[in-house]
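Before any comments, here is the structure.
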Amino acid sequence: MTVPSHIVQSFALTGKLRAAINLGNPILAQFVEDMKASGFIVDALARHGVKGASVAPLSASD
């Protein structure tokens, strides 16, 4: 996956975008899933005019 340069510049001061969710932290992982499921992330991207970004699908629940 190629990330548009304007997104990398916004999030990665070093020029390398690195992102991961620590699945060992169930509270953080659940918060992220809740924000994705509620549409908050998509709304925030649109509200701020972010183009070229997408939201990862919801994780499969056990």
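A short reminder: the numbers here are calculations on the coordinates, not readings from a lab. As the structure is a prediction and not an experimental result, all values here were calculated from the model.
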Any chance you could run the full-extension gain for A46 through S5? It's 0.36 nm times the residue separation minus the Cα-Cα distance, nm to one decimal.
13.0 nm
Using the Karplus curve 6.51 cos²θ - 1.76 cosθ + 1.60 with θ = phi - 60°, work out ³J(HN,Hα) for each residue of segment 26-35 in order, rounded to whole Hz, and write x for Gly and Pro.
x, 5, 5, 4, 5, 4, 4, 4, 5, 5
